[in-house]
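One structure is given here, and the rest of the page talks about it.
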Amino acid sequence: MNGHNPAVDVVADGLHMPECPRWHDDHLWFSDIRGDAVHRIDDGRVELVHRFPDGEEPAGLGWLPNGDLLVAGMANRLIYRISGGRATVHADLKPLAPHQINDMIVTSDGTAFVTQLGFDLDAPQPEPRPTVVIRIAPDGAVGTAADDVMVPNGIAVDATETTVVVAESGAGRLSRYTHRDGVLSDRITEPLPATDAFPFCAPDGICLDEVGGRWVADSINKRVFRVHDGVVTDEHHLEKFVLACVLGDLDRRSLYVCVADAWHKSDVTDRPTGRIGRVRVAIPGVGRP
């Protein structure tokens, strides 16, 4: 992504690793994982919401019914609750997450669904193994929402909160579930197309639109694309690793896209090169993120 592309507006730069964007309360919120902070954009300015200790790596974001912010702490596998400027532990996921956690959505009743890598991102990379999507009840109780998923990553819920979609980075597909009372069932898998440049699509962050389309951040192929009924209808190649996306603004027709020059810790330098860009699209977003 660069400022010379007339279709893309850069709305924030100088970030370490922008991820997990959310359109909430008429603002764009996002995590800077390698910057150990959560931010929101207000009148074009990037404002600090909360800074974590070095190495916590905040990722997925969501809100409880009373407005408190939940943040997934990747490294320590904790869900933090931000209230009154203070972070307390809402849930400890270590019993179900032996390695780093990842993205998260929170439904309107305060139920959270958290994805995890299923392997140690900082160790030599093994073959991906199936893992689980974790459910957190509004009171912080932890359980399993879905199993047998391969590197579950981005996660989204539709406007009715009856459908949850999970991006499986390790399997090159999306999995669609029926959601009822915190349980994900009736799984349907949706294979994702690769490109001529790289024979595999590893979906990262995702979001949904009002006619059933899915926008997918494809980090390996450095693109964000929309797929509907198995067909790619829109695609933007952005020259950097594309990490996540969300449909926002008052009409939900601005696609915000998080990109960075590097995503693995071993490749990150002191010079922050992450950006968030905006592309206008035709079909409004729905649900969360």
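The values are calculated or read from the model by the stated rules, or taken from the named source; none is laboratory data. On a predicted model such as this, the values are computed, not experimentally measured, just so you know. A quick note on method: Cβ atoms are made from the backbone with ideal geometry, for glycine too, and the neighbour counts reach across all protein chains shown. When the accessible area is computed, the model is the full protein with side chains, heavy atoms only, and any ligands, DNA or RNA have been set aside. Shrake-Rupley method; radii C 1.70, N 1.55, O 1.52, S 1.80 Å.
If we scan region 218-228, do we find a residue that is surrounded by fewer than 21 Cβ atoms within 10 Å (Cβ to Cβ), within 19 Å of Gly172 (Cβ to Cβ) and touching a Gly at 6+ places or on another chain (Cβ under 9 Å)? So far as region 218-228 goes, yes, one or more of its residues are surrounded by fewer than 21 Cβ atoms within 10 Å (Cβ to Cβ), within 19 Å of Gly172 (Cβ to Cβ) and touching a Gly at 6+ places or on another chain (Cβ under 9 Å). A search for C-beta distances below 6 Å between a residue of region 52-63 that is more than 14 Å from Met104 (Cα to Cα) and any residue that is open to solvent by 30 Å² or more (accessible area, probe 1.4 Å) and assigned to a loop (DSSP other than H, G, I, E, B), counting only pairs 6+ apart in sequence or on different chains, returns Gly55/Ala75; Glu56/Ala75.
For region 239-253, filtered to residues that are within 20 Å of Arg223 (Cβ to Cβ) and not charged (D, E, K, R), the residue that is most open to solvent (accessible area, probe 1.4 Å) is Phe241. Listed conditions (1) loosely packed, with under 12 Cβ neighbours inside 10 Å; (2) under 24 Å from Arg22 (Cα atoms) are all met by Ser185, apart from (2). Against the numbered list (1) more than 21 Å from Pro152 (Cα to Cα); (2) of a type in the set (Val, Ile, Thr); (3) open to solvent by 20 Å² or more (accessible area, probe 1.4 Å), Val281 comes up short only at (3).
Can you work out which of the residues in region 65-120 that are modelled with pLDDT of 95 or more and at positive phi is surrounded by the most Cβ atoms within 10 Å (Cβ to Cβ)? Among those that are modelled with pLDDT of 95 or more and at positive phi, it is Arg77.
Confirm whether Gly55 is touching a Cys at 6+ places or on another chain (Cβ under 6 Å) and either open to solvent by 40 Å² or more (accessible area, probe 1.4 Å) or not hydrophobic (A, V, I, L, M, F, W, C) (or both). Criteria not met by Gly55.
Within region 28-36, can one find any residue that is closer than 28 Å to Pro130 by Cβ and in contact with a helix residue (DSSP H, G or I) (Cβ under 9 Å, 6 or more places away or on another chain)? I'd like the intermediate steps shown before the answer.
The initial filter retains those residues of region 28-36 that are closer than 28 Å to Pro130 by Cβ, namely 31, 33-34.
The next check asks that each one be in contact with a helix residue (DSSP H, G or I) (Cβ under 9 Å, 6 or more places away or on another chain); those that pass are 34.
Yes.
Restricting attention to region 20-40, and to residues there that are in contact with a His (Cβ under 6 Å, 6 or more places away or on another chain) and over 18 Å from Thr273 (Cβ atoms), which single residue is surrounded by the fewest Cβ atoms within 10 Å (Cβ to Cβ)? It comes out as Arg40. Going through (1) of a type outside the set (Val, Ile, Thr); (2) under 18 Å from Leu192 (Cβ atoms); (3) in contact with a Pro (Cβ under 6 Å, 6 or more places away or on another chain) one by one, Gly212 falls short only on (3).
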